[in-house]
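J.: Questions regarding the structure given below will be posed in turn.
The values are calculated or read from the model by the stated rules, or taken from the named source; none is laboratory data. Everything numeric here is computed off the predicted structure, so don't read it as measured data. Accessible surface areas use protein heavy atoms only, side chains included; no ligands, DNA or RNA. Shrake-Rupley method; radii C 1.70, N 1.55, O 1.52, S 1.80 Å.
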Amino acid sequence: MRMKQIAFLLFCLLTATSVFAQSRVVTGHVTDEHGNALPGVSIKLKGTIIGTFTNNNGDFTIKIPVTNNG
């Protein structure tokens, strides 16, 4: 019985560690060649359906999933 409890605790610890490292947040600012903010620009992570748009100030935030490659 004690071995099952230890195995379960180890499983929970490993699962919790991987849950916290599921994504990273990337923020940015989109401007034109004159430095003017560009609102409504679409930002998309290549090869995925993950995307967002810039706000009225040209700012954006997007969550990028962390893969085994980093």
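J.: May I ask you to list the residues in segment 28-41 that are open to solvent by 80 Å² or more (accessible area, probe 1.4 Å) and under 13 Å from residue 59 (Cα atoms)?
T.: Scanning segment 28-41 gives 29, 36.
J.: Over 13 Å from the mean Cα position of the chain (by Cα) and modelled with pLDDT under 90: does that describe residue 56?
T.: Taking the combined requirement at face value, the residue does not satisfy it.
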